[in-house]
1. Exactly one condition in (1) under 22 Å from Ala103 (Cβ atoms); (2) charged (D, E, K, R); (3) not in a strand (DSSP E or B) is not met by Asp35; state its number.
2. Considering Ala71, Ala26, Ala109, which residue is of a type outside the set (S, T, N, Q), more than 19 Å from Gln134 (Cβ to Cβ) and modelled with pLDDT under 95?
3. Condition (residue is open to solvent by less than 30 Å² (accessible area, probe 1.4 Å), without any contact (Cβ under 8 Å) to a residue 40 or more places away in the chain and not basic (Lys, Arg)) applied to region 15-26: is it met by at least one residue?
4. Out of (1) among the β-branched types (Val, Ile, Thr); (2) modelled with pLDDT of 95 or more; (3) out of contact with any helix residue (DSSP H, G or I) (no Cβ under 7 Å at 6 or more places or on another chain), what's the single condition that is false for Ile184?
5. Of all residues in region 139-189 being in a loop (DSSP other than H, G, I, E, B), polar (S, T, N, Q) and surrounded by 15 or more Cβ atoms within 10 Å (Cβ to Cβ), which is farthest from the chain's Cα centre (by Cα)?
6. Look through region 27-50, keep the residues that are over 16 Å from Gln88 (Cβ atoms) and touching a Leu at 6+ places or on another chain (Cβ under 8 Å), and return whichever of them is surrounded by the most Cβ atoms within 10 Å (Cβ to Cβ).
7. State all residues of region 112-127 that are more than 18 Å from Phe3 (Cα to Cα), of a type outside the set (S, T, N, Q) and assigned to a loop (DSSP other than H, G, I, E, B); if no residue qualifies, say none.
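The values are calculated or read from the model by the stated rules, or taken from the named source; none is laboratory data. Small disclaimer: the values here were computed from a predicted structure and weren't measured. Don't worry about glycine lacking a Cβ; one is built from the backbone with ideal geometry, like all the others, and counts go over all protein chains shown. These accessible areas exclude ligands, DNA and RNA; they are computed on the full protein's heavy atoms, side chains included. Shrake-Rupley method; radii C 1.70, N 1.55, O 1.52, S 1.80 Å.
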Amino acid sequence: INFTSIFPEGLYAGNGILRQAYNESAAQWPAGVADHVTVELHEASNYGSIIYTASDIELSISGSASIIVPASYNDTYYITIKHRNSLQIVSASPVLFVGNTIAKSFGTAADVLGGNLKQMSDFGYALYGGDVNQDGFVNLQDMIAVESDVSVFSSGYLQADCNGDGTVDSSDLILIDNNASYFIGAITP
């Protein structure tokens with residue numbers, strides 16, 4: 001499967017480009033890799049049933065990623081994309097897995113279940129950032145987790161570093177606060 005237009009908000013530089021996530025001293029990943037994501041295939045008739053998971057998938061600075069799915073997975077599945085501190089997104093409808101190559105874009109609100117993407121200032125779309133604890137909501141619990149790291153001047157490739165700059169600080173809190181004020185949460189079937 002070839003994915004395009006997966007843009008975590010905290011790494012989004014604009015015009016369809018991501019910045020690389022940083023650790024305390026340099027880019028966390030090799031040149032051209034922004035961060036990593038997890039891809040899940042969920043049964044179309046029972047979303048709670050995860051059929052296949054691919055973890056630690058490279059997400060390029062252009063927002064693309066690719067996985068190889070065994071040929072035995074030849075049914076219709078919802079595709080879920082998870083990023084370490086963003087809300088998960090789900091394909092707007094189940095995708096039929098036939099043929100050698102499947103292309104799936106997450107570049108518009110119509111591509112994602114419930115239109116659950118954030119429209120950015122350049123009119124591109126991004127995954128809502130700030131779901132630090134990965135509970136499906138951007139809320140006070142995420143804020144508390146980040147405040148804890150801010151108070152001890154944490155740095156590195158950390159879950160709480162929502163903007164990926166290698167430092168947990170007020171800019172991460174602002175990202176969470178902005179999204180929490182709109183009661184942003186994951187949308188699943």
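1. Among (1) under 22 Å from Ala103 (Cβ atoms); (2) charged (D, E, K, R); (3) not in a strand (DSSP E or B), the lone unmet condition for Asp35 is (3).
2. Working: Ala26 fails: modelled with pLDDT under 95; Ala109 fails: modelled with pLDDT under 95.
Only one candidate passes the filter, namely Ala71.
3. No.
4. So Ile184 meets the others, but not (2).
5. The first filter runs over region 139-189 and keeps only residues in a loop (DSSP other than H, G, I, E, B), leaving 139, 152-154, 156-166, 168-169, 181-184, 186-189.
Next, from what is left, pick out any that are polar (S, T, N, Q): 139, 154, 159, 163, 181, 188.
From what is left, the residues that are surrounded by 15 or more Cβ atoms within 10 Å (Cβ to Cβ) are 139, 154, 159, 163, 188.
Numbers: Asn139: 17, Ser154: 22, Gln159: 12, Asn163: 12, Thr188: 14 Å.
Only one residue fits best here, namely Ser154.
6. Here the answer is Ala34.
7. Matches in region 112-127: Met120, Asp122, Phe123.
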